[in-house]
Amino acid sequence: MSEDESELRIIAAREDALYAALTASDVAAMQDIFAEDVTYIHSTSVAETKAENIAGQAHGVHRHGPIIRLKERKTRVFADIAVTRGLIDMADTAHGPSYTMRLRETLVWVKEKDGVWRLLVRHASRLPI
């Protein structure tokens, strides 16, 4: 396995952890997954800091059901930065009856000094299903 393939597997595992944390509102996991200076941009164009997003998770402002990655997904590694772009279906359960939205998502990961990949930027745009 090449170094890039190894990094791609690690980043895919971090994405799995991100989606599991979002689904479970797992604040402790998000503390580790998010870089200190993360910018988390929702499909509504609201941009949040780490503290703002985690507070929203902790207080039920953000609640998600299953998150499903669709086939159109690609990650590229550039030294200590990686970019994932693709489509997901995400259930929103925080704003009335549960509904599923399709999102075009970009995730920017940074490999920090401790060697751990952390989310630096998340941006989503809602698409019609």
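The values are calculated or read from the model by the stated rules, or taken from the named source; none is laboratory data. Just so it is clear, the structure is predicted and the values come from calculations on it, not from any experiment. When we count neighbours, we look across all protein chains shown, and the Cβ atoms used for this are built from the backbone with ideal geometry, even at glycine.
Any residue in segment 101-116 that is under 21 Å from Ala13 (Cβ atoms) and in contact with a Gly (Cβ under 7 Å, 6 or more places away or on another chain)? Step through it out loud before you land on a result.
Here is the first cut: in segment 101-116, the residues under 21 Å from Ala13 (Cβ atoms) are 103, 105-116.
Imposing the further condition that a residue be in contact with a Gly (Cβ under 7 Å, 6 or more places away or on another chain) reduces the set to 105.
Yes, the conditions are met somewhere in segment 101-116.
Has segment 90-101 got any residue that is within 17 Å of Glu5 (Cα to Cα), in contact with an Asp or Glu (Cβ under 7 Å, 6 or more places away or on another chain) and hydroxyl-bearing (Ser, Thr, Tyr)?
Of the residues in segment 90-101, the ones within 17 Å of Glu5 (Cα to Cα) are none.
The answer is no; no qualifying residue exists.
Can you name the strands (runs of 3 or more DSSP E) wholly within segment 59-129 that have at least 2 residues being small (Gly, Ala, Ser)? Spell out the reasoning first.
On the way: elements: 64-78, 81-92, 99-111, 117-127.
Once the strands (runs of 3 or more DSSP E) in segment 59-129 are filtered for at least 2 residues that are small (Gly, Ala, Ser), what remains is 81-92, 117-127.
Any chance you could count how many residues in segment 10-46 are part of a loop (DSSP other than H, G, I, E, B) and either of a type in the set (Asp, Glu) or over 15 Å from His123 (Cα atoms) (or both)? It would help to see each step written out before you state the result.
Going through segment 10-46, the residues part of a loop (DSSP other than H, G, I, E, B) turn out to be 25-26, 42-46.
Going one step further and asking which of them are either of a type in the set (Asp, Glu) or over 15 Å from His123 (Cα atoms) (or both), we end up with 25-26.
Result for segment 10-46: 2.
With the condition kept exactly as written, say whether any residue in segment 48-56 is at pLDDT 95 or above and assigned to a strand (DSSP E or B).
Here is the first cut: in segment 48-56, the ones at pLDDT 95 or above are 48-52.
So of that shortlist, the ones also assigned to a strand (DSSP E or B) come out as 48.
Yes, because at least one residue in segment 48-56 is at pLDDT 95 or above and assigned to a strand (DSSP E or B).
Quick check, is Glu15 over 15 Å from Ile88 (Cα atoms), crowded, with 16+ Cβ neighbours inside 10 Å and at pLDDT 90 or above?
Numbers: over 15 Å from Ile88 (Cα atoms): no; crowded, with 16+ Cβ neighbours inside 10 Å: yes; at pLDDT 90 or above: yes.
Against the criterion (over 15 Å from Ile88 (Cα atoms), crowded, with 16+ Cβ neighbours inside 10 Å and at pLDDT 90 or above), Glu15 does not qualify.
Please indicate, with yes or no, whether at least one residue in segment 76-86 is on the phi < 0 side of the Ramachandran plot, among the hydroxyl-bearing types (Ser, Thr, Tyr) and surrounded by fewer than 17 Cβ atoms within 10 Å (Cβ to Cβ).
Looking through segment 76-86, none of the residues is on the phi < 0 side of the Ramachandran plot, among the hydroxyl-bearing types (Ser, Thr, Tyr) and surrounded by fewer than 17 Cβ atoms within 10 Å (Cβ to Cβ).
Could you tell me which numbered condition Arg85 fails, if it satisfies all but one of (1) modelled with pLDDT of 95 or more; (2) touching a Phe, Trp or Tyr at 6+ places or on another chain (Cβ under 6 Å)?
(2)
When the residues of segment 90-105 are narrowed to those that are within 17 Å of Ala20 (Cβ to Cβ), of a type outside the set (A, V, I, L, M) and surrounded by 16 or more Cβ atoms within 10 Å (Cβ to Cβ), which ends up modelled with the highest pLDDT?
Glu105
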